[in-house]
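Following: one structure in structure tokens, then a few remarks.
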Amino acid sequence: LKMSWFWFYLPLHLLMAACLCHSIKAPTTSSQQSFQTALFNFYHSLILADGKETTIHLLKDIPKRYYFVLEEGRALAPFTITVTPCDVPIEWSILEHKASASFLGKAARGDHDTQEVSKSQKAPSMVSTIFNYKGNSVETYMGMSSHSALYMLEFLSTERDTHITVYLTTDTSGHLYPELPMDPRIDVIGIGHTTVTLTWKHSPSVLQHRENIQYCLLVNEKHNYKSLCAAETAIRSSGMKLPPALALSLSPYLLEPQQVMILSNSELSIINKVSSGEVRQICMGTKNTYTVPNLSPSTQYYFDVFVVNLLTNASAAYTGTFARTLEEPEPKVMELKDGKVIQVVLDGKKQKFYSLQYQARHKKIQFTFQLCRGQVRVHITKNGKTVVSENISGLRYFLLKGKLLDTYLVQLRSTEESNSSVKVQVSPHFHKPLFPLLPESLKIKSFSKLRTCNSVTIAWLGTQEDSKYCVYKKRIEEDHVWTELQSADRCSGPESRHKSEKVLCKYFYDINLQRAVTTETIKGLDAGTLYLFDVYLFGPSGIPVRYHSKVVKTRKKC
């Protein structure tokens, strides 16, 4: 740092003058007293507290100075200063003024000497720079003084406004910051398509105070962070708003091994999304090996491990590392055959496309999709050009025209986090439909006024074809309704049901669709009980279509 002795001596001697004024008991005017009080309050605010972490805000190109005085009378006075930049690199120095502290002690007791003041003003050789640093790493200076001295710390940011934390202590017995091992590197011991496995050596603090120490891992796609303070600042600057009580550095207070804390839409959630990609924080207790899941293939990630003291919330950073996940293998493509029905189960967590390929042997073909569970996105290309792209529900047909030997690629993906499944068929034989003719709606209606303590009446729509309908019932508990409806496989037929659940089977149709409605009263039920009703429609091919399940509760009192 380019230090000006003038600026060092100016505040120093004003401080001396304030001490002298304070010790002299001669009468003073009220204005002089106010000046002395203001002067003392000003410099008192720049005294660095011992044993306490201090946050300091720096304005660009404006140096900021803090002072501390080592205790007089001790043979050896050890002290430690730790400075943590929370954003951009900074410059900082420690200057020692050997005579001033002794003089201040005398001045505070009233034992002042004008000749001594004059001598100290003319003694620039007594001021020395004992340490200086420039960068954005966490840096610690450990010093020892055998005499009373006044020390000044000067901080400067030349890039932009920023903030830092400074910790001064003269107590060598305690540790605010957890200790790092002799080798603070993070080792990458395994790399997969979507996972990276890391390990690191234990902190001595973990071995000594296991219940108060925890490891936290930070994962991002931008760069390594040299402190948890720097990571927190970067995430906040991306536009996120963290509740004060749940700031990133406070997450270790959730003592159990935990989920990823990530930003989404400026709110704290499982995964944090910021402008530079995902930022994850995972706290895993005192385990020193961890496999990071759910990463993207062929992507470079940066990993930082912090050991955190749960009592003081202070942290120390291991040396960060990085790794690139493996490239995703080419998806396997299954061949579709004319008229053959296949059922595909889609992994909702991985959100991958499942690919099917078909080479046309006719100019007109029809794709049939029956959604069994969840929600599915269908994307069909013909010779590389998109012809269909939409979410499907229920039963869906796509009639496509082209040339002989056209190549169709069908890609299926679950749009939910849970697994989805769908049945797929491709065929040129339109006159032989795989599925039965469907009514306008597959909903089952119940009649509240016709409910009794032991019976309910339901109705459903039919078609113009004479078809078979089978009704099934199942007794369920109230807290299982949502689970039953969500887990139902709409492609499964009556063969998956217990024989005792079957109510009846019947045939019906009506040429007039307005009258193609049938009702059925199911008797022999228990009072005040919930029942799940299903109707299966069978077509010429024998493949059933399941109506939407209906939950009805019998009356409790009649």
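The values are calculated or read from the model by the stated rules, or taken from the named source; none is laboratory data. Predicted model, so just to flag it, every value in this text is computed and none were measured. Methodologically, a virtual Cβ is constructed for each residue, glycine included, from the backbone with ideal geometry; neighbour enumeration extends over all protein chains shown. With ligands, DNA and RNA removed, areas are computed over all heavy atoms of the protein, side chains included. Shrake-Rupley method; radii C 1.70, N 1.55, O 1.52, S 1.80 Å.
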- Roughly how many whole Å is it from the C-alpha centroid of the stretch 215-237 to that of the stretch 434-496? 53 Å
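Let's test the formula: R0 of 56 Å, r as the Cβ-Cβ distance of GLU327 and MET126. What FRET efficiency results, to the nearest 0.05? List each step's numbers first, then the result.
Values: r = 64 Å, r/R0 = 1.15.
For R0 = 56 Å, the calculated efficiency reads 0.30.
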- For LYS363, go through the aspartates and glutamates and keep the ones whose alpha-carbon is under 12 Å away, minus same-chain ones fewer than eight residues off. ASP406
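Could you tell me how many cubic angstrom of Cα convex hull volume the stretch 444-553 has per residue? Numbers along the way, then the final one.
Numbers: hull volume 11.2 nm³, N = 110.
Cα-based convex hull of the stretch 444-553, divided per residue, equals 102 Å³.
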- Partner aspartates and glutamates whose C-alpha sits under 19 Å from that of LYS557, ignoring same-chain residues fewer than 8 away, are GLU477, GLU478, ASP526
- Net charge contributed by nearby residues that have their C-beta within less than 14 Å of LEU371 (K/R +1, D/E -1): +4
- Using a basic spin-label model with each label point 7 Å from the Cα along Cα→Cβ, how many nm lie between MET334 and LYS222? 4.3 nm
- Task: At a Cα cut-off below 26 Å, give the lysines reachable from LYS201, other chains included and same-chain residues fewer than 8 away excluded.
- Result: LYS222, LYS226, LYS287
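With the other protein chains left in place, how much accessible area per residue, in square angstrom, belongs to the stretch 419-558 at a 1.4 angstrom probe?
Details: 7800 Å² over 140 residues.
Result: 56 Å² per residue.
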- Query: What part of the accessible area of the stretch 298-387, given as a whole %, is carbon or sulfur when the probe is 1.4 angstrom?
  - Reply: 48 percent
- Task: Evaluate E = 1/(1 + (r/R0)^6) for LEU450 and GLU417, where r is the Cβ-Cβ distance and R0 equals 41 Å; express this FRET efficiency to the nearest 0.05.
- Result: 0.55
- Query: How far apart, in nm, are two points set 7 Å out from the Cα along the Cα-to-Cβ line at GLN300 and at HIS202?
  - Reply: 3.5 nm
- Task: With a point put 7 Å past each Cα toward its Cβ, work out how far LEU404 is from TYR133 in nm, to one decimal.
- Result: 7.9 nm
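Report the calculated FRET efficiency for ASP510 and ILE189 (r = Cβ-Cβ distance, R0 = 51 Å), to the nearest 0.05. The partial results should precede the final answer.
On the way: r = 70 Å, r/R0 = 1.36.
The formula returns an efficiency of 0.15 here.
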